[in-house]
Amino acid sequence: MSIDWSWETTWDVLPVLLEGFKTTLLVTVIGSAIAILAGLIVAVIQQTGFKPVTWPLSFAFTFIRSTPLVVQLTAVYVAMPTVKPLYIGIAVIGVHYATYQSEAFRAGIDAVPRHQWEACTALSLPRRRTWIAVILPQALRGVVPALGNNIVAMFKDTPFLSVITVTEMVRVAQVYGGDHFRYMEALTLAGLIFLVASYPTSLLIRRLEARLARS
Amino acid sequence: MGDQLQAVLDHLPDFQHGLIVTLELTAGGTVLMFILAFALGLASTAPAAIVRGVARVVIEFFRGTSLVVQMFWLFFVLPQLGVEISPMLCGILALGLNYGAYGAEVVRGALGAVPVPQREAAVALGFSPVDRFRRVVFPQAWVQMIPPMKVLIIQLLKGSAIASAITLVDLNFQGQILRNATGNTFLAYGIVLVLYFIIAYVIEWLMKGVEYLAKHRLGLVDAAWWDPRRYRTPALAGAAAPAGASDEDPRGTRGGDR
């Protein structure tokens, strides 16, 4: 076993990878936005307890959560050949993580003490104000750590999009490797960029968690 | 629709192969995951700083890089280094290493969650360090480990679908074959998704059994195993029940970032 690491290739591939990394970040940011919004909306709907809506929703979410992201991506990709793969990728990963995020929101909403609801009823606050002014602000405090974890997890799952030809970083590395017969530098660097980007985020989340636990 | 259904039924026996590959990947990955989780988890609580440091670096490395990158690295780069391994081994290694690193955090957390008085009591009773671990600390930590481990196994199952990208004909790939054969995207992938769902459900169900056995060993449940009431936590278990480790919150606030 001999390692012939080529620095020339390394400097050659790095800018190309960083270009692909922009797509990775784009997917993470928009995907997170979808996950947070859809997750929150579904969590609130679930809280209403209106069974004709909550049952199908919770079945759909359980189903999405227990089936692989790759299969969902490929299924939608082959079913809609006219839509740009990037859009499919963002939508599917966003919805996939929305299912996790809505669980986090649900747990946060459940953690708000019952008295808070009762107090709102006693003050005869309208339903909308109860949610916006009282319940959600308290629920969100408990949700932040899980939210951070989900965003990091989503960030590390973006390479799955390479399967449906979205030119994010790993796809770029794969294509470069195939073109130049140098998989080693491209894929190793891609892995290192993930490590460098996600480790500080993990540390930040841990710090945030500790801070929230103290207050 | 009628002929398409017939075409699907004709192709269904081929699914066996893909199903077996997916199950092999999941089983192999899970075994490796557990071995690594215990090795790294124990190492990260070791008294020697050097052992702890090495374990932390390994854990952070495999958690910080993506599963897809690791699998591609093993598949594309190792041959360049002169090491040829089969795609199946690539898949199992990548899955086991990635989720093993997450598992190590679960193990570390569960060991840390065993109340200190339990260790002290075992010391006071004159247990040897090995017996202390084997008879007091581990059985209690094990109960706490099971729910998050279950989540990891299901995620490993779902991660195994990427193996179709390294030439393995797994369930996911079989779906593509069926789609090409019948032209019916909805039906082909519907079947694949339902099959993954069923596997995930079986894992869930098996692990509930394992959890019951572990709790039974600690005397935390007293109903017979077929009695649905056994999942009601008796008063004694209130103290030992894992606080954040509910099955409903797979990426809960416990268990590190995932």
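Assorted remarks:
- In the context of the full set of protein chains, residues of segment B:73-131 present 44 Å² of accessible surface per residue (probe radius 1.4 Å, heavy atoms only).
- Selection from A:Ile135, B:Val77, A:Thr167, by position along the positive dipole direction of the protein assembly as shown (Cβ): A:Ile135
- Cross-link pairs exceeding 22 Å between alpha carbons, from the set B:Lys150/B:Lys215; A:Lys156/B:Lys158; A:Lys22/A:Lys84; A:Lys156/B:Lys208: A:Lys156/B:Lys208.
- Note on B:165-171: average number of Cβ atoms from other chains within 10 Å of each residue's Cβ is 2.
- Hull volume in cubic angstrom per residue (convex hull over the Cα atoms of chain A): 157 Å³
- Here the spin labels are modelled as points 7 Å beyond Cα on the Cα-Cβ line, and at A:Ile41 and B:Val202 they lie 3.7 nm apart.
- Computed [θ] at 222 nm, helices only, for the protein assembly as shown once each DSSP H run of length n ≥ 4 contributes -39500 (n - 2.57): -25000 deg cm²/dmol
- If R0 equals 56 Å, the separation of the Cβ atoms of A:Thr48 and B:Leu213 corresponds to a calculated FRET efficiency of about 0.90.
- Using a Förster distance of 25 Å, the FRET efficiency for B:Ser128-B:Leu42 (Cβ separation, nearest 0.05): 0.90
- Local electrostatic count at B:Thr45 - Lys and Arg +1, Asp and Glu -1, tallied over other residues with Cβ under 9 Å: +2
- Using the average count of surrounding beta-carbon atoms within 10 Å as a protection proxy, the listed peptides A:119-132, B:32-45 rank, highest first, as B:32-45, A:119-132.
- Taking all protein chains into account, the per residue accessible area for segment B:159-221 stands at 43 Å² (1.4 Å probe).
- Packing order of peptides B:96-102, A:153-159, highest average first: B:96-102, A:153-159 (average count of other Cβ atoms within 10 Å over each peptide's residues).
- Accessible area of segment B:113-162 belonging to carbon and sulfur atoms, whole % at 1.4 Å probe: 64 percent
- For the residues of A:189-201, the average number of beta carbons from a partner chain within 10 Å of their own beta carbon is 4.
- In a simple Cβ point-charge model (Lys, Arg +1; Asp, Glu -1; nothing else charged), segment B:64-197 has a dipole of about 300 debye relative to its Cα centre.
- Highest average first, the peptides A:38-46, B:139-147 ordered by how many other beta carbon atoms sit within 10 Å of their residues are B:139-147, A:38-46.
- Computed on segment A:114-215, with alpha-carbon pairs under 8 angstrom and 6+ residues apart, the relative contact order is 24 percent.
- From the largest down, the protein assembly as shown spans 62, 59, 46 angstrom on the principal axes of its Cα atoms.
- Förster-model FRET efficiency, 45 Å R0, B:Ile177 and A:Val16, C-beta, rounded to 0.05: 0.85
- The mean number of Cβ atoms from other chains found within 10 Å of a Cβ in peptide A:181-188 is 5, as a whole number.
- Loop GluC sites (Glu not before Pro), segment B:1-98, which have at most 11 other Cβ atoms in a 10 Å radius of their Cβ (DSSP): B:Glu84
- Accessible surface of segment A:54-209, 1.4 Å probe, proportion on carbon and sulfur as whole %: 67 percent
- Loss of accessible area when B meets A, both sides summed, Å² nearest 100, probe 1.4 Å: 4100 Å²
- For segment A:146-158, Karplus couplings with θ = phi - 60° (6.51, -1.76, 1.60), whole Hz, Gly/Pro x: 5, 4, x, 4, 5, 5, 5, 5, 5, 4, 7, 8, 4
- Rounded accessible area per residue of chain A, 1.4 Å, Å²: 50 Å²
The values are calculated or read from the model by the stated rules, or taken from the named source; none is laboratory data. In this text, all values refer to a predicted model and were calculated from it rather than measured experimentally. Note that each Cβ is placed from the backbone with ideal geometry, even for glycine, and that neighbours are counted across all protein chains shown. Note: areas computed on protein heavy atoms with side chains; ligands, DNA, RNA excluded. Shrake-Rupley method; radii C 1.70, N 1.55, O 1.52, S 1.80 Å.
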